[in-house]
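For reference, the structure discussed in these notes is given below.
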Amino acid sequence: MSPKEQIRTRMYMMLTLLSIVPVIVAGQMGWAVIADRGELRARAKAQSRSTVEVPAMRGRILDRAGRSLAINTAQYDLALDPTVDGFESQADAFYEQLAELTGASAARFRQQVANRHSPEYVALYDGLTAAQQEQVREWEVPGVILTPEFARRYIHETTAAHVLGHVGSDGHGLSGLEVAYDDTLAGTPGERVVKRDRSGRIQAFVGGRVTPPEHGKNLVLTLDLARQAALEDELRRGVQESGADWGTAVAMDPSTGAILAMANVPTYNPNRPGAATEGARRNRAITDRYEPGSTFKLVGATAAVDQGLVEMDDSVETGDGWAVFHGYTMKDISAYGTISFQEVLSKSSNVGMAKTVRRHLEPGVFYQYARNFGFSQPTWIDLPGEQGGVLKRPNEWSQTTQTSMAIGYEVSVTPLQLVTAYSALANGGRLMQPYVVAEQRDMTGNTLWENEPDSIRRVMKPETARTLRPAFEQVVQEGTGTEADVAGFDVAGKTGTALEAAAGDYSDERARASFVGFFPADDPEVTLLVMMGAPETSIYGGAVAAPVFHRIARRWAGTFPEVVDRMTADPPETVPASVKGMRPAVPAEQARTLPDLDGLSTRRALHWLRRHGVDVQVEGQGAVAAQRPRSGTPLPDRIRLEGAS
């Protein structure tokens with residue numbers, strides 16, 4: 001075979017092979033279609049499916065009585081798959097009903113369906129209310145797809161804003177309890193199977209698998225809505241009347257540490273957090289540190305009395321109302337001369353307290369008591385952003401630190417730390433852990449978790465608390481805090497004035513004025529702090545903060561049944577001579593023996609005995625007919641009273 005013929009033969013063979021390849025490919029494809037039709041369809045269907053998140057409903061935040069503070073407003077997006085069997089026969093009626101329900105025209109919905117991008121999916125209407133979506137479900141129209149969307153709403157707007165906080169556009173917490181308990185409130189989202197068209201757009205379809213979400217848990221707070229609103233009203237009024245730059249108030253149950261109310265002025269609306277300044281959104285009660293001034297005198301007084309170094313009737317020489325300590329001149333507002341240590345507290349003598357602390361307390365002892373009160377660390381309340389105090393160790397002290405700390409300078413505290421410290425005085429010496437969330441509940445109302453009051457440490461002996469308490473009552477009765485007095489029950493507390501530091505010195509015109517106290521003094525239900533920043537009408541806590549305390553306490557009194565009973569107790573003329581009018585200048589002396597309570601109403605006797613730290617067992621009603629032990633015996637820890645009936 002010639003070379004030319006060989007080439008021609010090879011060409012024919014190659015052409016023949018090339019012509020066979022398409023036949024083989026076509027045959028293979030045909031076999032695949034015939035033999036693997038089901039598997040190929042399943043793969044195609046799987047590739048066209050995807051999943052989307054079904055949001056979980058965020059838990060509600062409730063006050064202690066179960067009233068809603070933060071809720072979810074559910075809205076529903078309405079879509080349609082018009083290819084579902086049975087829809088076409090109901091289409092016209094459906095469009096008319098939907099138009100009537102939403103206020104849009106039926107023609108609009110028809111046009112949306114006619115011009116849809118996907119044959120099996122079209123979005124018809126966004127933002128149906130819960131009531132509207134219920135109506136749509138009742139129509140039972142085939143092919144209707146309802147998808148929930150949730151938005152957060154704070155129904156009382158600014159009330160308790162700094163405690164509640166707010167959420168971001170993604171529904172997750174950004175401040176307050178909303179961020180502190182975000183995982184608890186948020187829940188776990190579910191998922192829905194959807195279709196994906198050729199362009200990759202996600203589309204829902206009827207009958208797709210749905211994994212339901214696990215909704216978030218509800219929080220029940222220690223706050224009461226009515227008390228919170230009253231406190232905010234009076235705080236706002238106090239800031240306006242005093243011309244202060246800001247104000248803050250915190251109320252606590254001294255026996256448990258439960259926060260009863262917490263507020264700041266200025267405040268903000270958590271429904272529109274972006275409209276407020278950063279300062280308005282700041283919770284000053286836990287984030288701001290300041291020199292407390294005379295309210296810190298509690299620490300020095302506790303240390304001196306608890307160590308047995310000072311008696312309440314000990315004399316303290318304050319001279320002409322000024323003294324020099326290591327080159328620094330300290331002043332009182334008046335010249336008190338020689339006064340008792342109890343009067344040092346009630347008159348808020350800086351000179352008297354500084355001399356007492358310098359003379360009787362070693363630096364390490366004074367520091368340890370301040371630390372025991374919690375002033376060196378956060379309280380660990382369940383709110384975000386809390387700051388600890390600033391308390392220098394004794395080896396860091398200057399020559400003036402001890403006397404300055406005695407009157408509340410060279411130390412920084414937060415309002416919450418201070419109200420927690422005074423709660424220890426109120427409850428007999430125990431420093432309690434403050435908290436805001438009392439319970440966690442599921443969506444059906446079942447309690448899943450309950451907070452238990454936690455005593456951190458004992459900061460003073462019960463006897464020390466009983467000894468000190470009358471001095472703080474005297475502050476309100478005849479001392480610097482008379483504006484905090486409330487008719488019907490006794491109040492104990494302390495005023496504070498702390499000058500603001502400016503340009504390396506203290507300003508005589510700008511100060512933080514405060515009053516912190518508890519009521520009723522003999523059986524406290526509430527510890528309350530009110531503070532004003534840079535008031536214009538006066539720099540003194542007794543003039544600008546104490547009146548606000550008074551108004552809050554008066555409005556709150558009616559919400560405590562035991563306080564109401566106290567305010568409606570028997571008139572004073574029923575009190576026997578041994579007890580009537582007992583407001584001695586030195587209660588610790590007079591309270592060492594038990595008076596004759598015969599003939600006194602059991603309610604009045606209970607009031608007197610509890611005020612002096614005596615536990616009482618009462619049998620019967622009416623006037624006291626018998627008492628064990630008898631009058632004249634040393635004041636006991638416990639007494640039994642028998643009523644006449």
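The values are calculated or read from the model by the stated rules, or taken from the named source; none is laboratory data. Only a predicted model underlies this, so the values are computations on that prediction, with no experimental measurement involved. Backbone-built Cβ (ideal geometry, glycine too); neighbour counts: all protein chains shown. Heads up: the accessible areas ignore ligands, DNA and RNA and are worked out on the full protein's heavy atoms, side chains in. Shrake-Rupley method; radii C 1.70, N 1.55, O 1.52, S 1.80 Å.
Do you know which residues across the stretch 105-129 are assigned to a strand (DSSP E or B) and on the phi < 0 side of the Ramachandran plot? It would help to see each step written out before you state the result.
Taking the stretch 105-129 first, the residues assigned to a strand (DSSP E or B) are 118, 121-128.
Those that are assigned to a strand (DSSP E or B) and on the phi < 0 side of the Ramachandran plot: Ser118, Tyr121, Val122, Ala123, Leu124, Tyr125, Asp126, Leu128.
Within the stretch 214-237, residues that are closer than 26 Å to Leu448 by Cβ reach partners that are of a type in the set (Lys, Arg) with beta carbons closer than 6 Å, at six or more positions or on different chains, in the pairs Gly216/Arg58; Asn218/Arg60; Asn218/Arg441; Thr222/Arg64; Asp224/Arg64; Leu225/Arg67. Residues that are of a type in the set (A, V, I, L, M, F, W, C) and within 18 Å of Tyr435 (Cβ to Cβ) were ranked within the stretch 374-409; the one that is surrounded by the most Cβ atoms within 10 Å (Cβ to Cβ) is Leu383.
For Pro547, the conditions (1) buried (at least 24 other Cβ atoms within 10 Å of the Cβ); (2) part of a helix (DSSP H, G or I) all hold with the exception of (1). The lone criterion from (1) in contact with a helix residue (DSSP H, G or I) (Cβ under 6 Å, 6 or more places away or on another chain); (2) over 16 Å from Ala91 (Cβ atoms); (3) crowded, with 16+ Cβ neighbours inside 10 Å left unmet by Arg152 is number (1).
With the condition kept exactly as written, say whether any residue in the stretch 615-637 is at pLDDT below 75, under 30 Å from Asp313 (Cβ atoms) and among the acidic types (Asp, Glu). Yes.
As for the stretch 130-145, it holds at least one residue that is assigned to a strand (DSSP E or B) and either among the polar types (S, T, N, Q) or farther than 30 Å from Val265 by Cα (or both).
For the stretch 338-371, the set of residues classified as in a helix (DSSP H, G or I) and surrounded by fewer than 21 Cβ atoms within 10 Å (Cβ to Cβ) consists of Arg358, Arg359, His360, Pro363, Gly364, Val365, Gln368, Arg371, listed by residue number. Of all residues in the stretch 104-133, those that are under 26 Å from Ala74 (Cα atoms) have Cβ atoms under 6 Å from Cβ atoms of residues that are open to solvent by 50 Å² or more (accessible area, probe 1.4 Å) and assigned to a strand (DSSP E or B), 6 or more apart or on another chain, in Gly127/Gln75.
Per the conditions (1) modelled with pLDDT of 65 or more; (2) exposed (fewer than 15 other Cβ atoms within 10 Å of the Cβ), the sole criterion not satisfied by Glu589 is (1).
Is it fair to say Val436 is modelled with pLDDT of 95 or more, within 23 Å of Gly385 (Cβ to Cβ) and touching a helix residue (DSSP H, G or I) at 6+ places or on another chain (Cβ under 9 Å)?
Yes; evaluated as a whole, the condition is true for this residue.
A single member of Thr338, Thr295, Thr287, Thr379 is at pLDDT 95 or above and farther than 27 Å from Gly533 by Cα, and it is Thr338. Considering every residue within the stretch 424-432, establish whether at least one is in contact with a Lys or Arg (Cβ under 7 Å, 6 or more places away or on another chain), open to solvent by less than 20 Å² (accessible area, probe 1.4 Å), within 25 Å of Trp397 (Cβ to Cβ) and in a strand (DSSP E or B). The answer is yes, given that some residue of the stretch 424-432 is in contact with a Lys or Arg (Cβ under 7 Å, 6 or more places away or on another chain), open to solvent by less than 20 Å² (accessible area, probe 1.4 Å), within 25 Å of Trp397 (Cβ to Cβ) and in a strand (DSSP E or B).
Among the residues of the stretch 462-482, those that are open to solvent by 10 Å² or more (accessible area, probe 1.4 Å) and in contact with a Gly (Cβ under 6 Å, 6 or more places away or on another chain) comprise Pro462, Arg466, Thr480. Apart from one condition, Ile333 fits all of (1) assigned to a helix (DSSP H, G or I); (2) out of contact with any Lys or Arg (no Cβ under 8 Å at 6 or more places or on another chain); the exception is (1). Does the stretch 282-294 include one or more residues that are open to solvent by less than 20 Å² (accessible area, probe 1.4 Å), closer than 30 Å to Asp508 by Cβ, free of Cβ contacts under 8 Å to residues at least 40 places away in the same chain and assigned to a strand (DSSP E or B)? Within the stretch 282-294, none of the residues are open to solvent by less than 20 Å² (accessible area, probe 1.4 Å), closer than 30 Å to Asp508 by Cβ, free of Cβ contacts under 8 Å to residues at least 40 places away in the same chain and assigned to a strand (DSSP E or B). Anything in the stretch 380-408 that is among the polar types (S, T, N, Q) and within 18 Å of Thr295 (Cα to Cα)? List them, or say none. Thr401, Gln402, Thr403, Ser404, listed by residue number. One residue alone among Thr184, Thr158, Thr73 is within 30 Å of Ala230 (Cβ to Cβ) and part of a loop (DSSP other than H, G, I, E, B), and that residue is Thr158.
On the stretch given as the stretch 223-266, residues that are among the β-branched types (Val, Ile, Thr), surrounded by fewer than 23 Cβ atoms within 10 Å (Cβ to Cβ) and either in a strand (DSSP E or B) or within 17 Å of the chain's Cα centre (by Cα) (or both) total 2. The number of residues in the stretch 75-130 that are open to solvent by less than 50 Å² (accessible area, probe 1.4 Å) and farther than 30 Å from Gly171 by Cβ comes to 10.
So which residues in the stretch 161-181 are of a type outside the set (A, V, I, L, M), open to solvent by less than 60 Å² (accessible area, probe 1.4 Å) and not in a helix (DSSP H, G or I), if there are any at all?
Kept after step one, since they are of a type outside the set (A, V, I, L, M), are these residues of the stretch 161-181: 162, 165-166, 168-173, 175-176, 178, 181.
Now restrict to residues that are open to solvent by less than 60 Å² (accessible area, probe 1.4 Å): 162, 165-166, 168, 171, 173, 175-176, 178, 181.
Gly165, His166, Gly168, Gly171, Gly173, Ser175, Tyr181 - these are the residues of the stretch 161-181 that are of a type outside the set (A, V, I, L, M), open to solvent by less than 60 Å² (accessible area, probe 1.4 Å) and not in a helix (DSSP H, G or I).
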